[in-house]
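These notes are about the structure you will find just below.
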Amino acid sequence: MMRARLMNYSVVVLALAAVVGVVSTRAAQNATPNGKPSCIGCSVDAKTTPRTPDGHPDLSGFWDDQEGGGNNLGARVDGGSVLFDLGGKPSGAAPNRVRPAAGDPAAAAPNAPTLNPSYKPEYMAKVKAIADTLYGPSTALDPQYDCTPLGVPRSMFRGGLYGAFQIVQTPQLIAILLEASQGMNYRLIYMDGRGHPQDLDTSYLGDSIGHWEGDTLVVDVTGLNEETWLGGGQGAPPLALLHSDKEHVVERYTRNGDMLTYEATVEDPVMFTKPWVMIPRRTHHAGAEDHLLEMTCVPNDKSHIIKPSDADRYTCNYCIPEKK
C-alpha cells in the first residue's frame, strides 16, 4: 500500500495525508505466510522487535508517521471524515507525542519534557518577535524556505510536512536518509567508538556518534551551525526556534515492535537557561510497500508569505472574528 507524501513551498501549503490501516492490518502485510518479515526491518507481527545478528534492535527500514502525525492535515474526525484544516487544533493528543499525564511525578521532575525551550530573556524576545510573524504554520523568516537542511532535532520529528526517513544499520555505521522537502539529506552515525573531530567545522546536520545503552540507540550530536531552527511549521513547538552554534543534542531511539520512539535533550549554553528535554515523538515502520521518495527543493518568493489582518476577509482563513 503506497502512501504518497506531497510537499511544496506555496504561500499556503495544502496537503492531503491518506491515513489507512491499523496495526493489525500492517502486521498482516508485513509478514509472509511462513512467518518471516517481508521487508527490510519489518516485524513479523508488529509487536516483536526484530534484532540484528549482534543482538541489538534492528532499526532498519523506512519510517513514516502514518497514524496521526504532529499536525491535523488529513486527520480524521470521529465520524471518519477527513479534516481539511490547516490552522485548527486537532482533537485530543496526537498519538505520536508522549506527554507525561497530569499528576505523574515525571511531569514535575527537573528534567521533565517540555513543549518549548527555556530561553534567556533577550533571546525569548527575539523568538516571540518571530512567532508574531507566523501565518498558520508559515513565516518568511523560516530558513527551510531557503532549501537549507532542517538541522537536529527538527529533521527527526514531524513538526511540519516532513518526518519520513530510511535507516540503514550496520554495526560500525548507521545512516539516516531524510525524505524532506528541503531535498534529499542524510546523516551518518558512527558506531565504531570514535569521538567527535577536534577541528570540526559546523554544518546543518552536525557530527553524530552513537552507542547502545541496552536496547536504546544513544546519539551525541555536535558541530551544528546556527542557520537552522529547532522546530517550526505545522504541529511544531511554537517557540522552539532559535539556537546558537553551541547547540548540543543527545538523541535516544527506542524500538518496540513497529513503533520507534524518539527522545532528545538539547543544550545551548548561549541561549537557554537550562537543557530542553523534548516531548518524546513516535513514528511507525511504514511496511513492505512504502519506500523513500526522491525530493527536490525550489525556493519560492518568500515575500508572498504574509500574515494577514482581520480585515483581509478573503485571505485571513486563520483569523478569529472578534466578538461583538
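The values are calculated or read from the model by the stated rules, or taken from the named source; none is laboratory data. All values reported here derive from a predicted model rather than from experimental measurement. A quick note on method: Cβ atoms are made from the backbone with ideal geometry, for glycine too, and the neighbour counts reach across all protein chains shown. The area values use the complete protein model at the heavy-atom level, side chains included, leaving out ligands, DNA and RNA. Shrake-Rupley method; radii C 1.70, N 1.55, O 1.52, S 1.80 Å.
Summary table
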read-out	value
Within the range 161-228, strands (runs of 3 or more DSSP E) holding 2 or more residues that are closer than 15 Å to Ser60 by Cα	164-169, 173-179, 185-190, 216-222
Of residues in the range 125-155 being of a type outside the set (A, V, I, L, M), farther than 29 Å from Trp63 by Cβ and not in a loop (DSSP other than H, G, I, E, B), the one least open to solvent (accessible area, probe 1.4 Å)	Tyr135
Near pairs, Cβ below 8 angstrom, 6+ apart or cross-chain, from the range 116-140 (in contact (Cβ under 8 Å) with a residue 24 or more places away in the chain and over 13 Å from Trp276 (Cβ atoms)) to any residue that is of a type in the set (S, T, N, Q) and open to solvent by less than 40 Å² (accessible area, probe 1.4 Å)	Ile130/Thr139; Thr133/Thr139; Gly136/Gln234; Pro137/Asn71; Pro137/Gln234
Test: Pro143 is modelled with pLDDT of 90 or more and over 19 Å from Val250 (Cα atoms)	yes
Residue count for the range 171-196, restricted to those that are out of contact with any Leu (no Cβ under 8 Å at 6 or more places or on another chain) and open to solvent by 60 Å² or more (accessible area, probe 1.4 Å)	4
Complete set of residues in the range 214-234 that are touching a residue at least 12 places away in the same chain (Cβ under 8 Å) and more than 22 Å from Phe272 (Cα to Cα)	Asp215, Thr216, Leu217, Val218, Gln234
